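Below you'll find the structure, written out as structure tokens, and then a few comments.
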Amino acid sequence: MLELPMNTESKLISWSFPLLRPQAGVVLGNGLQGILVWGEESLFITVGRAGFWDHRSGQQLAAGTTFDSVRAALEAGDEEALKRLFPSNEKSAAPFPQQLGGGRLKISFKDNLRPLDAILDLNQAVIRLRVGRDHEDEHAMVLRIRQHATDEICWLDGPEDWLENVSIELIPAFNLVHQDAMAQIGIHPPIHFEVHHGDGFSQCLPEDDPLALAWKKCGAMILLGSALGSDAQAKVVDLLGSFDSSVVDEQRSAFWEDYWQHSASVLVPDELLQRQYDIGLYKQAGILREHAPAATLQGPWMEDTRIPPWSNDYHFNINLQMIYGAAQATGHSAKTTPLWAMLQSWLPQLKAMGEAFYQREGAMLLPHALDDRCRMMGSFWSGTIDQACIAWMGRMSYQHFAVTGDREHLREVTWPLLEGAYHGYVAMADFPENELGQSKVTLPVSVSPEFGGSDLHACWGKDASFQLAAFRCTIELMQRVSQELAMPVDPKWTRLLEGIPHYTTVPAVDGSYGWIGGDAVRIALWDGQDLTESHRHHSHLAAIYPFCTIDPLDPAHQKTIARTINRWNTMGAGNWTGWCIPWAAAICARCGLPDAALSWLQLLAIHFTNEGHATLHNADGAGVFAWDDGSLAWPDHRKGADFHFYEVMQMDATMGAVSAILEMLISMRGEVVHIADRLPKGWRDASFKQVRMEGGFIVSATFKHARVDSVHVRSQRASCLMLDHGLGEKWTMNGSLRSGQRLIYQMEAGEEISLQRHS
């Protein structure tokens, strides 16, 4: 076994072969090209390419489909009318757009050699792979696999003569996907072409540009490239022919050195969480890049054993937000620019859809699942009317500004998204008066994502708590943005906030925690709808996180929140999936429950992370969660031939874990930077460095003996710092004795301050 050196600065992760599935493999990625290294007797290198779309059957909102017509159909219980408003493409050969995998390079070794184990150096993105007869083989050879920093090529090298004892085959995904799925949707076999000392193929699509994959021998190296476009074959051949390993390797090394130098780091006394954080940051660089398409559910890491699940598309009802959620805090705002560029290019389409649907000028509509051309992925009507999708993107866009100070982004992206979300909500709302003659705001038709699926009798209601929180958040941010851009602040916004409830409640009449008297309540999904089952989408808790429109420890909300969390726990996590686990951890962290946050993240690491350190939608094993890998159905309790239907890698949980770990240590509470005043009870020492916070602050802190010991803040621009530092009543700032639990201090651009606990 390759030895892991005892070096706290190194980030080394190990794999042990056999690795029987692509998503159990070792990963390399640069936003465009995704590499999965796996195998058993032979070594497989699976190649995926972000943006390889079959765009057929992308849908637009049907003519005549309006919010009023949807409301009428729902209130009448008219399922046939709803089907006419949201027609399906299910009978088409390709019922919705799909991203597709590329293929794999198969390397077979002679003399009974096989891959044994591998170590991935996260710092340098280098895989060291040992090949031998068994794990105790003292003469095993070591191969290295590396990838270009930005271009679509990776290379494998080893001892000078190692290629004399291998056979190499390039296999298209077309030949590998389960049940010939690509052929069944009308895709023709790939066209092979010759490469000097290698091989290649071009996978054509009915209406889209082809993807070309090719490999060649070059001395003691194997080069493996990909290219997308009408000239894909010529591009990949040129890429292989112009490869200069010394120049490329120097660029690769420089990229990763710079990446880690500018990344926020944490040091926590929990091996599982530390690994989650480090791998998450490493994979963030593999999926979010300035030169690549905006990241999807799997990014470039698409398996070649099936068409990627859920089309590897853009899911805007939480998944994309989780994938991008850590980028600002970890110091990589620039790598989110493809997302904002894509959304900005969509604004005319979002407005056209919104104005047609809501019949209100300025309204925008962002359906929950889209391809990269802003085409809907199907007829899931309850996801289409989920207005929180665009509100949440508006919030994320504002956070980008708040960290970077980019006013052009605030004006050109944030404001249109918030304004479009707002006008949609106003069009959805009714404005009855209460018994005192005061204006109320209600949402007569609203959804709590994925609860009840698309059953028109069970998946909607009045005043969904998720939508109320998103509506409030939108208006609060519009007030801030208007001030930032010196725009008029509409007094109507304040009146609306006075009329929009923070959440909808139901009576807590079952004796749950905190029940006192007959007027005790807890948060409902919507009017009259309690949480009645284990449900993966924690939508009714969105006022706590991610919209953060309430402080769960505020006495005005605390007992309601306590009863709600207890009900949530009572219903349990049996029907949860991988991505909702870090969301639960973040909610618990904001509720002052660090041990609960820790427990959820440990469960993510144990049950929703496979042997390849990949986070999954379904649990990687049966017996704890209902969404599992199907292993209980197989006599030997291992994944059987149908593992394709169960092992779904998604990047939302990976990046959500990074966000949740940071939430345990530092968070924004309104406009206040809050350093954790409680750690999990087993933690004594911890630290974080250069976390970017709203206001342009870069914050580092150390915890000793389970309490904050020091805090360092550097301001990137002139800004007023409000800091709940956790240092106690007496502390020093730059050596001078201070007092108080909160520091309010006007910082200048480039200024640094150091706070220290006073003994």
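Miscellaneous remarks
- Of all residues in region 166-221 being in a strand (DSSP E or B) and of a type in the set (D, E, K, R), the one that is surrounded by the fewest Cβ atoms within 10 Å (Cβ to Cβ): Glu194
- Residues that are more than 22 Å from Val177 (Cα to Cα) and either surrounded by fewer than 24 Cβ atoms within 10 Å (Cβ to Cβ) or touching a strand residue (DSSP E or B) at 6+ places or on another chain (Cβ under 8 Å) (or both), drawn from region 294-313: Ala294
- Criterion applied to Gly528, Gly461, Gly452 was being surrounded by fewer than 23 Cβ atoms within 10 Å (Cβ to Cβ), modelled with pLDDT under 95 and out of contact with any helix residue (DSSP H, G or I) (no Cβ under 6 Å at 6 or more places or on another chain), and the one residue passing it is Gly452.
- On inspection, Gln479 does not qualify as buried (at least 21 other Cβ atoms within 10 Å of the Cβ), in a helix (DSSP H, G or I) and polar (S, T, N, Q).
- Residues satisfying the stated conditions in region 519-573, i.e. more than 24 Å from Gly394 (Cβ to Cβ), hydrophobic (A, V, I, L, M, F, W, C) and in a loop (DSSP other than H, G, I, E, B): Ala520, Ala524, Leu531, Leu553, Ala556, Ala573
- Residue check, Ala334 without any contact (Cβ under 8 Å) to a residue 60 or more places away in the chain and either closer than 25 Å to Leu468 by Cβ or not hydrophobic (A, V, I, L, M, F, W, C) (or both): no
- The set of residues from region 580-628 being of a type in the set (Phe, Trp, Tyr) and more than 23 Å from Ser14 (Cα to Cα) comprises Trp583, Trp600, Phe625, Trp627.
- Condition met for Ser715 (within 22 Å of Phe401 (Cα to Cα) and of a type in the set (S, T, N, Q)): yes
- Among the residues of region 256-271, not one is touching a residue at least 40 places away in the same chain (Cβ under 8 Å) and more than 20 Å from Val691 (Cα to Cα).
- If you go through region 239-256 and keep only what is charged (D, E, K, R) and closer than 22 Å to Pro293 by Cα, you end up with just Arg252.
Yes/no matrix, rows are residues, columns are (1) under 23 Å from Trp301 (Cβ atoms); (2) out of contact with any strand residue (DSSP E or B) (no Cβ under 8 Å at 6 or more places or on another chain):
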site	(1), (2)
Val37	yes, no
Glu40	yes, no
Phe44	yes, no
Gly48	yes, no
Gln59	no, no
Ser69	no, yes
Ala72	no, yes
Ala76	no, yes
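- Some residue of region 533-541 being surrounded by fewer than 17 Cβ atoms within 10 Å (Cβ to Cβ) and touching a residue at least 40 places away in the same chain (Cβ under 8 Å): yes
- Number of positions in region 704-730 that are among the β-branched types (Val, Ile, Thr) and within 18 Å of Gln328 (Cβ to Cβ): 1
- Being out of contact with any His (no Cβ under 7 Å at 6 or more places or on another chain), on the phi < 0 side of the Ramachandran plot and at pLDDT below 95 is not true of Gly656.
- Considering each residue of region 575-590 in turn, at least one proves to be out of contact with any Pro (no Cβ under 8 Å at 6 or more places or on another chain), surrounded by fewer than 17 Cβ atoms within 10 Å (Cβ to Cβ) and not in a helix (DSSP H, G or I).
- Tally of residues being farther than 30 Å from Asp685 by Cα and either of a type in the set (Asp, Glu) or part of a helix (DSSP H, G or I) (or both) across region 240-292: 17
- The residue of region 64-89 that is surrounded by the most Cβ atoms within 10 Å (Cβ to Cβ), among those that are touching a helix residue (DSSP H, G or I) at 6+ places or on another chain (Cβ under 7 Å) and in a loop (DSSP other than H, G, I, E, B), is Phe86.
- Boolean, Lys730 is surrounded by fewer than 17 Cβ atoms within 10 Å (Cβ to Cβ) and under 22 Å from Ala327 (Cβ atoms): no
- Between Ser700, Ser759, the distinction of being among the hydroxyl-bearing types (Ser, Thr, Tyr) and modelled with pLDDT of 95 or more belongs to Ser700 only.
- Hey, Leu163 closer than 29 Å to Asn112 by Cβ and assigned to a strand (DSSP E or B) or not: no
- Matching residues, region 419-448, being in contact with a Lys or Arg (Cβ under 8 Å, 6 or more places away or on another chain) and either in the same structural domain as Phe697 (by TED's automatic domain parsing) or not β-branched (Val, Ile, Thr) (or both): Gly420, His423, Gly424, Ala427, Phe431, Pro432, Glu433, Asn434, Ser439, Leu443, Pro444, Ser446
- For region 244-265, residues that are more than 25 Å from the chain's Cα centre (by Cα) and among the hydrophobic types (A, V, I, L, M, F, W, C) total 3.
A quick yes/no check of all residues on (1) under 35 Å from the mean Cα position of the chain (by Cα); (2) of a type in the set (Lys, Arg); (3) in the same structural domain as Leu36 (by TED's automatic domain parsing):
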{"residue": "Ala73", "(1), (2), (3)": "yes, no, no"}
{"residue": "Glu80", "(1), (2), (3)": "no, no, no"}
{"residue": "Phe96", "(1), (2), (3)": "yes, no, no"}
{"residue": "Asn112", "(1), (2), (3)": "no, no, yes"}
{"residue": "Pro115", "(1), (2), (3)": "yes, no, yes"}
{"residue": "Asn123", "(1), (2), (3)": "yes, no, yes"}
{"residue": "Asp137", "(1), (2), (3)": "no, no, yes"}
{"residue": "Ile145", "(1), (2), (3)": "yes, no, yes"}
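- Of the helices (runs of 4 or more DSSP H) contained entirely in region 293-398, those carrying at least 1 residues that are charged (D, E, K, R) fall at 337-358.
The values are calculated or read from the model by the stated rules, or taken from the named source; none is laboratory data. Predicted, not measured: the structure shown is a model, and the values here were computed from it. Backbone-built Cβ (ideal geometry, glycine too); neighbour counts: all protein chains shown.
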